[in-house]
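Note sheet for the following structure.
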Amino acid sequence: MTAMHTLADWLTWLEGQHPTAIDMGLERVGAVADRLGARQPGCPVITVGGTNGKGSTVATLVCICRAAGLRTGSYTSPHLLRFNERICLDGAPVDDATLIAAFEKVQAARAEISLTYFEFTTLAAFVIFREAGLDVAVLEVGLGGRLDAVNVIDADVAVVTSIGIDHTEYLGDTRELIAIEKAGIFRAGRPAICGDTEPPGSLLQAAAALGAPLQLRGRDFDFEATGATWAWTGAGHRLEQLPRPALALDNAATALAALFAAPLAVTEAALREGLRQAGLAGRLQEVAVAPRVLLDVAHNPHGAAFLMRQLPPASPGQRTIAVFAMLADKDGAGVVDACLGRIDAWHVASLGGTRGQQASVLAELLRERGCTVAGMYRNVATALMAARQQALPTDRILVFGSFYTVAAAQQALAPLEAD
């Protein structure tokens, strides 16, 4: 084995240690988890799955729990700029030394068992959480649910935020099939929360078969926006005049349902303070003004449609200009279709790497649908620069299509923010 001294050394090594990047199943990762004693983090666990909305739901839960004085651990993926973002203690990414120490323990325990990058790093997160003395752990599912490495831990509360069509090669090509995979995080007799207002019957059947008490948005809990505030109803509570988080209310409402179902002591005052603080990079995140620049990681049709619903109507005379780049294995046509009629001009960029889609392919999809392609660019930074130069101060620029797209935009804007 090559000597690893830095976090970069470890991550580079991990990328080539398993024959395939994705190899779903719990047998290998479960065996190593048992060797590490990592299946029991020693605190209540909320696991969050779903097609879209997972990150926002996790962020809301973490902010409220922290406001309540609870020591929190959260695990999310992918990251935007630094791997450390995936594993946080009390809202802060863990440092390199903590990660390396956990990697060394996973490496020693796995011995002859081969693990994917995601499996290895998920186990490292579990090691860190077990040793941190947490009051609550909030875990985001990486892919699907039933066979995802996160699912080796039994959740005290399991959340499915939404069910859309994505990752069909692994999860199936219908919402019914995908819902079965998502519902795989439910546990017998333990609360299950679903934020999708029209869940497939297969999810309802899975919960019933397990005896998992299921709470559905629109039936058992719901919310309503009331101007600058909002209200939430569920679990025998009616909360009025709640502060709006810098996140979609659909996901914040689902997080509240999970919070009330969890064995945690959270006051209403802490809940309100947590909502005031809740936000997440890359979710309609405003990073510049005159013109406004908004970043969003929407990368599939379901996510793009949700983004369009969250995007406020344009002001009179205001144009909405897109900086758009995607991965080739995503449904570019479906994403564009979800945005028709809402975007005035598109600046399309290529994404690098083996999975990156070429700008010319996206431009052709747009032209076939009668959309205005303002330019094609070799990368996101160049596209964003052109969009900002061409936009009027009253316009708004929406950068979206992938986590990689948002990360590239953040990197391009960082030197400007530092000036």
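For this structure, a couple of remarks:
- Restricting attention to the range 36-57 and to residues that are out of contact with any Leu (no Cβ under 8 Å at 6 or more places or on another chain) and over 21 Å from residue 330 (Cβ atoms), the residue that is surrounded by the most Cβ atoms within 10 Å (Cβ to Cβ) turns out to be 57.
- Number of positions in the range 84-104 that are surrounded by fewer than 18 Cβ atoms within 10 Å (Cβ to Cβ) and either in contact with a His (Cβ under 7 Å, 6 or more places away or on another chain) or part of a helix (DSSP H, G or I) (or both): 7
- Residue 265 being assigned to a loop (DSSP other than H, G, I, E, B), of a type outside the set (Ser, Thr, Tyr) and over 28 Å from residue 377 (Cβ atoms): yes
- Against the list (1) at pLDDT below 95; (2) of a type outside the set (Ser, Thr, Tyr); (3) in contact with a Leu (Cβ under 7 Å, 6 or more places away or on another chain), the condition residue 290 fails is (3).
- Just one of (1) in contact (Cβ under 8 Å) with a residue 24 or more places away in the chain; (2) more than 19 Å from the chain's Cα centre (by Cα) fails for residue 257. It is (2).
- The numbered conditions (1) modelled with pLDDT under 95; (2) surrounded by fewer than 20 Cβ atoms within 10 Å (Cβ to Cβ) are all true for residue 284 except (2).
- Taken over the range 126-152, the residue count meeting the criterion of being in a helix (DSSP H, G or I) and touching a residue at least 60 places away in the same chain (Cβ under 8 Å) is 9.
- Filtered residues of the range 318-329 (kept if part of a loop (DSSP other than H, G, I, E, B) and at pLDDT 95 or above): 318, 319, 325, 326, 328
- Candidate set from the range 338-354 (those that are assigned to a loop (DSSP other than H, G, I, E, B) and of a type in the set (Val, Ile, Thr)); member that is surrounded by the most Cβ atoms within 10 Å (Cβ to Cβ): 343
- Within the range 65-88, residues that are under 14 Å from residue 55 (Cβ atoms) reach partners that are polar (S, T, N, Q) and surrounded by 20 or more Cβ atoms within 10 Å (Cβ to Cβ) with beta carbons closer than 6 Å, at six or more positions or on different chains, in the pairs 86/76; 86/77; 88/74.
- Selection from the range 187-234 of residues that are touching a strand residue (DSSP E or B) at 6+ places or on another chain (Cβ under 6 Å), part of a loop (DSSP other than H, G, I, E, B) and without any contact (Cβ under 8 Å) to a residue 12 or more places away in the chain: none
- Restricting the range 35-55 to residues that are in contact with a strand residue (DSSP E or B) (Cβ under 9 Å, 6 or more places away or on another chain) and assigned to a helix (DSSP H, G or I), the residue that is nearest to residue 245 (Cα to Cα): 55
- Within the range 168-186, the set of residues being surrounded by fewer than 18 Cβ atoms within 10 Å (Cβ to Cβ) and not in a helix (DSSP H, G or I) comprises 172, 173, 174.
The values are calculated or read from the model by the stated rules, or taken from the named source; none is laboratory data. What you are looking at is a predicted structure, and each value in this text was computed from that prediction instead of being measured. Glycine also receives a Cβ, built like all others from the backbone with ideal geometry; neighbour counts cover every protein chain displayed.
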